[in-house]
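The structure appears below as structure tokens.
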Amino acid sequence: MAAKSFLKIAFTPEQPFMLEPVFISEILSRGWDMVHLRHPSASCEEIREILEAVPKKFHNRIRLHDHFELANSFNLGGIHLNRRCPSVPTGYSGPYSRSCHSVEEVKQCNDCDYVTLSPVFDSISKEGYKGVFSKIDFKKINKDSTSGVTTKVIALGGVDADHIRTVKFLGFNGFAVLGALMTASSLYELRLRLDRFEKETHTQTIHN
């Protein structure tokens, strides 16, 4: 998989939090490709309030996991399909991605602009949520093989800055993080964590 298309994506936690719009804005201002709004129990109005608190210039890099009707209203960067919301809604023609939890699922999603595969490593935010894939599994989805996979595959689950080298070595097109960023207790701590990701990503780019 091509290193030049290496994506950096952040997921929000399940529950909205007070600093969330500030965190989203800070992450996207640092050049991250996408932030996924992932609040399965939130109402449409709660999601709307979060979006309204984020500057419009960042809206096209936000992707929804629920309440897809807001995607067009806010000119967002797409929707993300999952077991809760498995289908593209009628009338939607924008970009979409999908959650995958097996190699077989990945092979069925070549119509997506990217998919997330999880859990790759032991989760930071979910106790007991362990990485379940082997190097043989990763070889099956590498686009240099005969797997037939043409979409971008993003590593999710337990990813932190120390894993960037491994994620690239395994052939992923990028990584998605939740606990490594969103568990920060303050904007200052978030910035320190983003600095670490920036340093590691830059280091691996030079070495490649």
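Are there any helices (runs of 4 or more DSSP H) wholly within region 114-201 with 1 or more residues that are within 15 Å of the chain's Cα centre (by Cα) and either under 19 Å from GLU104 (Cβ atoms) or at pLDDT 95 or above (or both), and if so which? Walk me through how you get there before you give the answer.
Details: elements: 135-141, 164-169, 179-182.
Of the helices (runs of 4 or more DSSP H) lying wholly inside region 114-201, those with at least 1 residues that are within 15 Å of the chain's Cα centre (by Cα) and either under 19 Å from GLU104 (Cβ atoms) or at pLDDT 95 or above (or both) span 179-182.
Can you give me the number of residues within region 35-59 that are open to solvent by 10 Å² or more (accessible area, probe 1.4 Å) and farther than 23 Å from LEU156 by Cα?
So the count comes out to 12.
The values are calculated or read from the model by the stated rules, or taken from the named source; none is laboratory data. Fair warning: this is a prediction, and the values are worked out from it, not measured in the lab. Neighbour counts run over all protein chains shown; Cβ positions are idealised from the backbone, glycine included. These accessible areas exclude ligands, DNA and RNA; they are computed on the full protein's heavy atoms, side chains included. Shrake-Rupley method; radii C 1.70, N 1.55, O 1.52, S 1.80 Å.
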